[in-house]
Amino acid sequence: MPDNITEELVVVLSTKASFEFKPLFDIILLNLRERNAASGGEEMLRLRAYEKLQGLVSQGAVHREVTGVTKKYKGVAARMAVLRTEMKALRAECNQRARAKAAAAN
């Protein structure tokens, strides 16, 4: 299954802007709510988003800049492009399986 939080992180961090976690999470939460994909409590969603963000940092897809106590995150353009392509392919494959399953049920 495609991961909605990671998809939103990739979309937002594919821009040239850098974000602190709080504004980044606010954007992701808004996008997930618009897609009706935000389930569970906001705190749990925040923890999952932070965990996914740290995973992207460890993969080298996101650069973390620490200035004093402030941490800013910015996507690495080349890696973000690869991730977006992988996410689109995964989403298309999942949608195709769902359509095939629905067709088989009818």
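Quick notes
- Compared with the dominant Cα axis of the chain, that is its longest principal axis, helix 42-59 is turned about 80°.
- Gained length - Thr67 relative to Cys94, 0.36 nm times residue gap less alpha-carbon distance: 5.7 nm
- Of Gly41, Gly60, Gly75, the one that fluctuates the most in a GNM where the chain has Cα springs shorter than 10 Å: Gly41
- Global form of region 28-89, assessed from the alpha-carbon gyration tensor, a/c cut-off 1.5: oblate
- Sites listed here are GluC sites (Glu not before Pro) in region 2-106 whose DSSP assignment is loop and whose Cβ has at most 15 other Cβ atoms within 10 Å: Glu20.
- Footprinting exposure proxy ranking of Met87, Met80, fewest other C-beta atoms within 10 angstrom first, gives Met87, Met80.
- Going from the fewest other Cβ atoms within 10 Å to the most, the residues Val57, Val82, Val12 appear in the order Val82, Val57, Val12.
A short reminder: the numbers here are calculations on the coordinates, not readings from a lab. For clarity, every value in this text was computed on a predicted model and none was experimentally measured. Virtual Cβ from ideal backbone geometry, glycine too; neighbours counted across all protein chains shown.
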